[in-house]
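The numbers here are math on the coordinates, done by the rules we state, and not lab data. Values in this document were obtained by computation on a predicted structure and should not be read as measured data. Here the Cβ positions follow ideal geometry from the backbone for every residue, glycine too, while neighbour counts run over all protein chains shown.
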Amino acid sequence: MALNYVEVNTDLCKACRVCVETCPKHCLELGSEINALGYQAVRFDSTECTACGLCFYVCPEPGVLTVIKGVDS
Ligand code: SF4
Ligand code: SF4
């Protein structure tokens, strides 16, 4: 089964943690890298993502998160 995942445009993230707190599967966390804006950007690390889209909808910064639904080939 192909896995769902979330692409993070790290240089646009302002580390507000809203997506981290919202994800029901705990797929997102703040990373250790400091981005171009000076924030500790979010990173995605999970095999449990359901591609529900909640993180995308709650993020206040346009273009940071893109939810990719895994498709079986
Ligand atoms: S799409 Fe849903 S399950 Fe996947 S990271 Fe975002 S909130 Fe979590
Ligand atoms: S909600 Fe958006 S801006 Fe806030 S931490 Fe998550 S990805 Fe970054």
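The table for this structure:
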{"item": "Cβ-defined net charge surrounding Pro60, 14 Å radius [Lys, Arg +1; Asp, Glu -1]", "result": "0"}
{"item": "Dipole moment magnitude, nearest 20 debye, the chain about Cα centre, only Lys, Arg, Asp, Glu C-beta charged", "result": "140 debye"}
{"item": "q = 0.12, 0.13, 0.16 Å⁻¹: log10 I(q)/I(0) that the Debye formula gives for the chain, counting C-alpha atoms only", "result": "-0.29, -0.34, -0.50"}
{"item": "Whole-Hz couplings from phi, Karplus 6.51/-1.76/1.60, listed for the range 35-52; x for Gly and Pro", "result": "8, 5, 8, x, 10, 8, 5, 5, 10, 9, 8, 6, 10, 9, 4, 9, 6, 5"}
{"item": "Gap separating the Cα centres of the range 9-32 and the range 41-73, nearest whole Å", "result": "10 Å"}
{"item": "Total formal charge among the other residues, if their Cβ is under 11 angstrom from that of Tyr5, Lys/Arg +1 and Asp/Glu -1", "result": "-2"}
{"item": "Amide H partners (placed H, <5 Å) of Gly31, local residues excluded", "result": "Ala41, Val42, Arg43"}
{"item": "Taking the chain and dividing mean pair separation by its residue count, relative contact order in percent (alpha carbons under 8 Å, at least six apart)", "result": "46 percent"}
{"item": "FRET E, pair Ala36, Lys69, Förster distance 22 Å, beta-carbon r, rounded to 0.05", "result": "0.15"}
